[in-house]
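A.B. asks: Below are the structure tokens for one structure; questions will follow.
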Amino acid sequence: MAGAPQIAARVLQLRAELDQHNYHYYALDRPVISDAEYDRLFRELQTLEGQHPELVTPDSPTQRVGAEPLAEFAQVTHRAPMLSLNNAFTDDEIVAFDKRVREGLDAEAVDYAAEPKFDGLAVSLVYADGRLVTAATRGDGYTGEDVTGNLRTLRAIPLRLRGARPPAALEVRGEVLMLRADFERLNQRQREMGAREFVNPRNAAAGSLRQLDPRITATRRLAFYAYSTGGPLGGGLRKHSEVLERLAELGFPVTEERAVVTGVAGMLDYYATIGAGRSKLRFDIDGVVYKVNDLAAQNTLGFVSRAPRFSIAHKFAAEEAMTVVEGINVQVGRTGALTPVARLKPVFVGGVTVTNATLHNEDEVRRKDVRIGDTVVVRRAGDVIPEVARVVIEQRPPDTREFVLPARCPVCDSEVVRSADEAIARCSAGLFCPAQRKQALLHFASRRAMDIEGLGDKLVEQLVDSRIVHTPADLYRLGVIKLSALERMAEKSASNIVAAIEKSKRTTLARFIYALGIRNVGESTAQDLARSFGNIEHIASAKVEALQQVQDVGPVVAQSIAEFFAEPHNREVVAQLLAAGVSFEETAAREIDTASPAYGKTFVLTGALPRLTRDEAAQKIRDHGGKVSGSVSKKTDFVVAGEDAGSKLLKARELGVAILDEAALLKLLEP
Ligand code: 5U1
């Protein structure tokens, strides 16, 4: 029998070989041994580790499945936000993007790194000393779900970075997706088991990733492609294309379809080539992504709102199909907006079966001249709600019926009003209209808001119709007894819902603000408000002028917020929610120090700072209650100037505005 040192050596050798084969299979897409041979090596390692448990390490290939099923996912705050990309649909938008980039860089022609836009789920992988420590979903871009146990089961994701000198700290970002062949195999298996099939690979990947039991994820064969890092990778890399090469060396799959192209012509050529080969790819894509290839130039361009200025997604045209309008219903939304919705003969388009398509508003129905009985072209792009693109007029039968918007709300019979400057007609009853109340509650409970699992439309309908729930605060007064009295509600489900409601009490201020459903306040504005004000009382009592100090809050949004909190009923609901125990995680940490010299001041950033990216500097300023503006005026308090600062610096000098370098800014922002 082999001695202990020989066994330990064999274990190490098997691990290295298996890692190498995973790398060949997933990252290089060039397996060098058969599946059977791989399994043989794997089983040998399993056997040796079984006999010598002291030799097991967490990064052994045998330890991919090992995590216990979870009761819920923990939250992970991303070190740097996971941003989304701005979209372009036309060549003109790409011309405009390139123009903005060239102007921003003062360059004649720019090189772009181009790659397919994967139709999957963005994730972040954090490595410390070369080992995978945390894997998280994108979530709202700031906070995601900890799916480490699940992502460890993906053989495409290295548990240990390759090479002798991996970086001490690394965050890799990329997309988890399901290859089309694996999707077909999964659905075949679902059919055989009599289980529900997945509608498309993206949904299958999402469903597989968000499993509380990693053993289920392990059976689902998910792929991963890396496309960026969460911070600088170091090592003197100067181009995005070099970052991708380095990620491939470290063991990550990086798409073969990538290229570096020059200018508009290069981008459009790439788009055409990838578009033409799209159906032959092994995975679904919904467009291509261009990024300024030079990393220093990326830094100079920085970010606008929630998206990088140096990158854009060039989406493929939406998919279209023809079908018949069987009726036109009117839906009443959260803000009372009446939306005509075409009821369609079911048609498969863009990867799903579509039975309804929005007609947006009355004017749109007239403009497109959609009538009941018409044959129409339905369009669906990505996750966007399907819409009626146009009527096939040649196929119009003689007996079509025109749509008439009702004068009274189809739900509560209140008057429908339409102001002169709006295309939208609204039910005038506000939250007294059950439809608006239901939508407001569904929004409140939705995943990106208070995230109350199980509170879906059927239950909300029952709760509102039976007059048990009027406002979101009523949800926190529900008990198992009240809920189990509802039709088709088992005691177990009732207690699950009560537990989910209880759990939602611990949330973030940003989610809470978003959940309130204030008109014109989306997730991004809610996050900005939370960060700037730090607590709900400050927001509720803020004047319009103070609200406008917040990033991206203009007069219309500020007015909506002020109007919302001026309404006694809304203040009462907020007070009841707080009294019921709703509380916020990071409020204390994010409380803004009103004594900070940056508080209430307007800053303009120009040029490249030595250490901070523009986005990081802007974030720090906002965290201290300052506002970041794009242009210098008499209202500017400070201009923060880095290398190659241009006209903004000149203007600041002209107007006598205080000028800071990075060190002076950091000094000003000291706690
Ligand atoms: N292929 C690809 N997709 N994608 C998505 N690259 C890429 N880069 C992204 C995102 C959000 O963001 C970086 C520009 C940071």
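A.B. asks: Given charges of +1 on the Cβ of Lys and Arg and -1 on the Cβ of Asp and Glu, with all other atoms neutral, how large is the dipole of the chain about its Cα centre, in debye to the nearest 20?
C.D. replies: Dipole of the chain, to the nearest 20 debye: 540 debye.
A.B. asks: Here's another thing I want to ask about it. If you keep only loop residues by DSSP, which GluC sites (Glu not before Pro) in the stretch 37-76 have at most 16 other Cβ atoms within 10 Å of their Cβ?
C.D. replies: Details: sites: 37, 44, 49, 54, 72; in loops: 72.
Here the sparse-neighbourhood loop sites are 72.
A.B. asks: If you average 1/r over all unlike Cα pairs in the stretch 465-518 and invert the result, what Kirkwood radius do you get in angstrom? Intermediate values should be presented prior to the final figure.
C.D. replies: On the way: mean 1/r = 0.0812 Å⁻¹.
Roughly 12.3 Å, rounded to one decimal.
A.B. asks: What Kirkwood Rh does the stretch 274-400 have if only Cα atoms enter the pairwise 1/r average? Answer in Å.
C.D. replies: Over the stretch 274-400, the inverse of the mean reciprocal pair distance is 17.2 Å.
A.B. asks: Please state the shape class of the stretch 87-315: rounded when a/c is under 1.5, otherwise prolate if a/b exceeds b/c and oblate if not, all from the C-alpha gyration tensor.
C.D. replies: Here the stretch 87-315 falls in the oblate category.
A.B. asks: Quote the Stokes-Einstein diffusion coefficient, in whole µm² s⁻¹, for the stretch 320-395, based on the Kirkwood radius over alpha carbon pairs, a temperature of 20 °C and a viscosity of 1.002 mPa s. Please report the intermediate quantities before stating the final value.
C.D. replies: Working: Rh = 12.3 Å.
Result for D is 174 µm²/s.
A.B. asks: Now for a different question. What percentages make up the Cα-Cα pair-distance distribution of the chain when the bins are 10 Å wide from 0?
C.D. replies: For the chain, the pair-distance distribution reads 3, 12, 20, 25, 22, 13, 4, 1, 0, 0.
A.B. asks: At residue 242 and residue 490, where each label point lies 7 Å from the Cα along Cα→Cβ, what is the point-to-point distance in nanometres?
C.D. replies: 6.0 nm
A.B. asks: Also, quick follow-up: Could you give me the ³J(HN,Hα) list for the stretch 509-526, computed from phi with Karplus coefficients 6.51, -1.76, 1.60 and θ = phi - 60°, whole Hz, x at Gly and Pro?
C.D. replies: 4, 4, 4, 4, 4, 4, 4, 5, x, 5, 4, 6, 10, x, 4, 5, 5, 4
A.B. asks: Nearest 5 percent is fine: what portion of the DSSP beta bridges confined to the stretch 310-452 is antiparallel?
C.D. replies: Roughly 95 percent of the DSSP beta bridges within the stretch 310-452 come out antiparallel.
A.B. asks: Something else now. So which aspartates and glutamates can residue 239 reach, going by Cα to Cα under 13 Å and dropping same-chain residues fewer than 8 places off?
C.D. replies: By straight Cα distance, residue 239 reaches 111, 294.
A.B. asks: Using modelled backbone amide H atoms (1.01 Å from N, in-plane), which distant-in-sequence or interchain residues come within less than 5 Å of residue 312's amide H?
C.D. replies: 290
A.B. asks: Test of understanding: what is the full-extension gain from residue 103 to residue 12, defined as 0.36 nm times their sequence separation minus their Cα-Cα distance? Walk me through the numbers before you get to the answer.
C.D. replies: Numbers: separation 91, 0.36 × 91 = 32.76 nm, distance 5.41 nm.
The residue 103-residue 12 span can extend by a further 27.3 nm.
A.B. asks: Tell me which residues come under 5 Å, amide H to amide H, from residue 328 once H is placed; ignore anything under 5 positions away on its chain.
C.D. replies: Hits under the 5 Å cutoff: 343.
A.B. asks: Could you please state, rounded to a whole Å, how far the C-alpha centre of the stretch 454-501 is from the C-alpha centre of the stretch 169-191?
C.D. replies: Measuring centre to centre over Cα atoms gives 35 Å.
A.B. asks: As a test, work out the antiparallel percent of DSSP beta bridges whose residues both lie in the stretch 602-668, rounded to the nearest 5.
C.D. replies: Numbers: 1 of 11 bridges.
Of all bridge pairs located within the stretch 602-668, approximately 10 percent are antiparallel.
A.B. asks: Let me ask something additional. If we count other beta carbons within 10 Å of each Cβ, what is the order of 399, 593, fewest first?
C.D. replies: 399, 593
A.B. asks: Can you report the principal axis dimensions of the stretch 602-668 using only the alpha carbons, biggest first, rounded to whole angstrom?
C.D. replies: Extents along the principal axes, in whole Å: 27, 24, 19.
A.B. asks: Also, quick follow-up: Which entries in the list 438/482; 543/601; 291/620; 291/635 go over 22 Å, if you measure between the two C-alpha atoms of each?
C.D. replies: Those over the limit are 291/620; 291/635.
A.B. asks: Once amide H atoms are placed 1.01 Å from N in the peptide plane, what residues at a sequence separation of 5 or more from residue 349, or on another chain, have their amide H within under 5 Å of its amide H?
C.D. replies: 354
A.B. asks: Taking every pair of alpha-carbon atoms in the stretch 4-63, what share in percent sits in each 5 Å bin, from 0 to the bin with the longest distance?
C.D. replies: 4, 19, 30, 24, 13, 7, 2, 0
A.B. asks: If you take the beta carbon distance between residue 353 and residue 634 as r and set R0 to 56 Å, what does 1/(1 + (r/R0)^6) give as a FRET efficiency, to the nearest 0.05?
C.D. replies: Once the sixth-power term is evaluated, E becomes 0.45.
A.B. asks: Among all the lysines, which ones have a C-alpha under 17 Å from residue 503's C-alpha, if same-chain residues fewer than 8 places away are not counted?
C.D. replies: Reachable lysines: 492.
A.B. asks: Let me ask another. In terms of Cα to Cα distance under 23 Å, which lysines are near enough to residue 368, apart from those fewer than 8 places away along the same chain?
C.D. replies: In chain and number order, the partners are 345.
A.B. asks: Turning to a different aspect of this structure: Just need the relative contact order of the chain here, percent rounded to a whole number, with Cα pairs under 8 Å and 6+ apart.
C.D. replies: Dividing the mean separation by the residue count of the chain yields 9 percent.
A.B. asks: Now for a separate question. Can you give the FRET efficiency to the nearest 0.05 for residue 423 and residue 643, using r as the Cβ-Cβ distance and R₀ = 35 Å?
C.D. replies: 0.15
A.B. asks: Also, quick follow-up: Report the GluC sites (Glu not before Pro) located in the stretch 316-408 that are in a DSSP loop and have at most 12 other Cβ atoms inside 10 Å of their Cβ, or state none.
C.D. replies: For GluC sites (Glu not before Pro) across the stretch 316-408 that sit outside H, G, I, E and B with at most 12 neighbouring Cβ atoms in 10 Å, the list reads 402.
A.B. asks: To the nearest 500 deg cm²/dmol, what mean residue ellipticity at 222 nm is calculated for the chain from DSSP H runs of n ≥ 4 alone, each contributing -39,500 (n - 2.57), summed and divided by the residues? Before the final figure, lay out each step's value.
C.D. replies: Numbers: 26 runs with 247 residues, N = 671.
Rounded to the nearest 500, the figure is -10500 deg cm²/dmol.
A.B. asks: Further question on the same structure: In whole percent, what relative contact order does the stretch 559-671 give with Cα contacts below 8 Å and a gap of six or more residues?
C.D. replies: Working: 145 pairs, mean separation 28.7, N = 113.
It comes to 25 percent, rounded to a whole number.
A.B. asks: Continuing with this model, one more query. Residue 670 to residue 400: extension gain in nm, 0.36 nm per residue of separation minus the Cα-Cα distance?
C.D. replies: This chain segment gains 90.3 nm when fully extended.
A.B. asks: Further question on the same structure: Give the span of the stretch 420-591's Cα atoms along each principal axis, as three whole-Å numbers ordered largest to smallest.
C.D. replies: Taking the Cα atoms of the stretch 420-591, the three principal extents are 50, 45, 24 Å.
A.B. asks: Work out from phi, with θ = phi - 60° and the Karplus expression 6.51 cos²θ - 1.76 cosθ + 1.60, the ³J(HN,Hα) of each residue of the stretch 219-228, listed in order in whole Hz, and give x for Gly and Pro.
C.D. replies: 7, 9, 6, 9, 9, 9, 10, 8, 9, 6
A.B. asks: Can you tally the net charge around residue 553? Count Lys and Arg as +1, Asp and Glu as -1, for every other residue whose Cβ sits under 15 Å from the Cβ of residue 553.
C.D. replies: Taking every other residue near residue 553 into account, the sum is +1.
All of the numbers you see were taken from the coordinates with simple rules; none came from a lab. Just so you know, these numbers come straight off a predicted model, no measurement behind them. Using ideal geometry, Cβ is built from the backbone for each residue, glycine included, and neighbour counts are taken over all protein chains shown.
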